[in-house]
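Each remark here refers to the structure printed beneath this line.
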Amino acid sequence: MNRSTEATFEALRSRRPTFWANPEEDQAWARIPSLDVAALASSNRLDRAATLLRALFPLPGGEPMSIHSPLLDGAGLAKALSADPTTGGAWLIKADHQLPVAGSIKARGGFHEVIALAERLALAAGLVGPKDDLAPLASPDARALFSRHIVSVGSTGNLGLSIGLMASALGFRAVVHMSHDAKTWKKERLRANGVEVVEHAGDYASAVRNGRELAARDPATHFVDDEQSVDLFTGYASAAEELARQLAERRVPVDADHPLFVYLPCGVGGAPGGIAYGLKHLFGSAVHCVFAEPVESPCMLIQMMAGFDHPMSVYDLGLSNRTEADGLAVGQASMLVAPLMRSRLAGIYTVSDNHLLHLVCIAFNALGVQVEPSAAAGIVGPLVVTQSRSGRRYLASRGLESNLARSTHVIWTTGGSLVPQPEFAAILQRAKGVAAPCEIED
Ligand SMILES: *Cc1c(COP(=O)(O)O)cnc(C)c1O
């Protein structure tokens, strides 16, 4: 083990926020169109589901339901965080916390996976043809078909919400396996929508394991496997095209002279990994994807450093996997996703819970947006990369320093708009009670 790897492991063990630059990042990453068939397929499927989604989820005010989020100006956030304008570049917020119905990034992967399953079943039953518009999936015949199938998922919360709500809206029997400490309001919301919630002692991984074993015994059950699912992954990957379109609309250039940095909160890795996969496909070496993980749950960072032959978990390092960021409380990274990140990922940084709480507060005060602690992890990304010592070393080693002023930083806020008012007020209250962190030094 070389010295810098040892130093990073030491920072992780002592729960010191740190930035790790991926030594295997391919700095000459080319765009290879043929590789992206999967993402294109999923984007197509979600397009073909536009009418279906509108029929299933009538939104208040008659707004059409779609799985798209706005790209917001983040200048107020940069100012609130006293970002040094000389190192700068523009800040933008990809506001997935506002995604309708599910209120988180999980809408992208989760809705896509359930719609893909429904399409396969309907296709086999002759209710739709290949590549048809998917509106007939809401027909009485389709509902009758789906009611004979169970969709089940293991979840810390947000994935369960997105899978459960979509599955039950289509008429599936929906079962969500949750760890005991999952948020009560999420369980209540699911139950109120006809979803069966099964609570398990132990953490997220054991909820997943239990759910997977139960489903394996029943051929009418489809288990959504957060650690292995390609349909989830491609659903997330299609967000890359959406961002590319929005950047083009804003006339934001992305090329060698105008680098794009994207900061993505990471749990098991599917959401940030899928998006990074899609972005590398579209922008090649001009995009730099940086993941953010809680200090107690840096599962992807550990796996990337440990290599890809054997799974390694946060428990192996003596960490607790207990964090305010329940969407990121994952002990073991996806072994589907980790190897795909090997040459695509720029780096990963870790954030303390206190810092996450502060960032929730700052986002609320500066932009008036409601994000949950998990979703706040990306907010400090531009500071970590442009102002910490390890971030500056990374930029220098990649020859990115001279272009910083022309760079764009996209912070992906991944969830939070559905958090009930009292719950959010309690988070802001907890933020007031903790010491202000000054934690991007390392
Ligand atoms: C699930 C989740 C993530 C991370 O997604 P993974 O696929 O688990 O890596 C980030 N933010 C929020 C709010 C989430 O719910």
> In nm, what is the difference between 0.36 nm times the number of residues separating D132 and A248 and their Cα-Cα distance?
Replying inline: 38.8 nm
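For A30 and Q421 in the same chain, what is the full-extension length gain: residue separation times 0.36 nm, less their Cα-Cα distance, in nm?
Separation in residues times 0.36 nm, less the Cα-Cα distance, equals 136.2 nm.
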>> As I understand it, the dipole of the stretch 165-244 uses +1 on the Cβ of Lys and Arg and -1 on the Cβ of Asp and Glu, about the Cα centre. Which of N193, A240, P219 lies farthest toward its positive end?
In response: N193
> Per residue and in cubic angstrom, what volume does the convex hull of the Cα atoms of the stretch 313-391 have?
Replying inline: 126
> What spacing in nm lies between the two simple spin-label points modelled at A405 and E199, each 7 Å away from Cα in the Cβ direction?
Replying inline: 5.7
>> With angles folded into 0 to 90 degrees, how steeply does helix 421-432 sit against the dominant principal axis of the chain? Use alpha carbons for both and round to 10.
In response: 20
>> For the chain, what does the helix formula give at 222 nm: sum of -39500 (n - 2.57) over DSSP H segments with n ≥ 4, over the residue count, nearest 500 deg cm²/dmol?
In response: -12500 deg cm²/dmol
>> Neighbour counts of other C-beta atoms within 10 Å: give me I411, I93 arranged from fewest to most.
In response: I93, I411
>> List the pairs from K79/K432; K183/K280; K280/K432 whose alpha-carbon separation is above 32 Å, in the order I gave them.
In response: K183/K280; K280/K432
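By count of other Cβ within 10 Å, fewest leading, how are R13, R342 ordered?
On the way: R13 11, R342 14.
In order of increasing Cβ crowding within 10 Å: R13, R342.
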> Quick one: what does P(r) look like for the stretch 232-323 with 10 Å bins over all Cα pairs, in whole %?
Replying inline: 16, 40, 28, 14, 2
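Place the peptides 244-250, 59-65, 263-269 in order of packing, highest mean first, counting for every residue the other Cβ atoms within 10 Å and averaging per peptide.
The packing order, highest mean first, is 263-269, 244-250, 59-65.
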>> Pairs of alpha-carbon atoms within less than 8 angstrom and 6+ residues apart define the contacts here; what relative contact order does the stretch 302-428 have, in percent?
In response: 22
> Based on the Cβ-Cβ distance of H258 and R393, what FRET efficiency does E = 1/(1 + (r/R0)^6) give at R0 = 30 Å, to the nearest 0.05?
Replying inline: 0.85
>> Quick check on packing: order 152-164, 343-355 by the mean number of other C-beta atoms within 10 Å, highest mean leading.
In response: 152-164, 343-355
> D for the stretch 77-223, whole µm²/s, Stokes-Einstein with Kirkwood Rh over alpha-carbon pairs at 25 °C and 0.890 mPa s: what number?
Replying inline: 146
> Computed over the Cα atoms of the stretch 235-285, what is the convex hull's projected area averaged over all directions, in nm²?
Replying inline: 3.5
> If you take the alpha carbon radius of gyration of the stretch 166-271 and divide it by 2.2 N^0.38 Å, what ratio comes out, to two decimals?
Replying inline: 1.42
>> Compute and list, largest first, the equivalent-ellipsoid semi-axes of the stretch 163-226 from the alpha carbon gyration tensor, each √(5λ) rounded to a whole angstrom.
In response: 17, 17, 8
> What is the stretch 34-164's relative contact order, in percent, from Cα pairs under 8 angstrom and six or more apart in sequence?
Replying inline: 27
>> Show me, for the stretch 252-262, the HN-Hα J-couplings you get by feeding each phi into the Karplus relation (A = 6.51, B = -1.76, C = 1.60, θ = phi - 60°), rounded to Hz, glycine and proline as x.
In response: 8, x, 10, 7, 4, 8, 10, x, 10, 10, 10
> What is the distance, in nm, between label points placed 7 Å from the Cα along the Cα-to-Cβ direction at N2 and at R148?
Replying inline: 5.9
> With r defined as the distance between the Cβ atoms of T184 and N365 and R0 fixed at 30 Å, what FRET efficiency is calculated, to the nearest 0.05?
Replying inline: 0.65
> By average Cβ neighbour count within 10 Å, what is the ranking of 289-301, 137-149, 229-241 from highest down?
Replying inline: 289-301, 229-241, 137-149
>> I'd like to know how the stretch 353-412 sits against the 2.2 N^0.38 Å rule of thumb: what's its Cα Rg over that expected value?
In response: 1.28
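Only Cα pairs under 8 Å and at least 6 apart count here; give the relative contact order of the chain as a rounded whole percent.
Relative contact order of the chain: 22 percent.
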> Between the helical axis of 158-170 and the dominant principal axis of the chain, each derived from Cα atoms, what acute angle in degrees is found, rounded to the nearest 10?
Replying inline: 20
>> At 37 °C and a viscosity of 0.692 mPa s, what translational diffusion coefficient does Stokes-Einstein give for the chain, taking Rh as the Kirkwood radius over Cα pairs? Give it in µm²/s as a whole number.
In response: 151
>> For the chain, take the longest principal axis of its alpha carbons; what is the angle in degrees between that and the long axis of helix 270-283, to the nearest 10 within 0 to 90?
In response: 70
>> What percentages make up the Cα-Cα pair-distance distribution of the stretch 326-442 when the bins are 10 Å wide from 0?
In response: 12, 37, 34, 16, 1
> the stretch 189-246 to the stretch 120-138: how many Å between their Cα centroids?
Replying inline: 22
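The numbers here are math on the coordinates, done by the rules we state, and not lab data. Here the structure is a predicted model, which is why all the values come from computation and not from measurement. We place every Cβ from the backbone using ideal geometry, glycine too, and count neighbours over all the protein chains shown.
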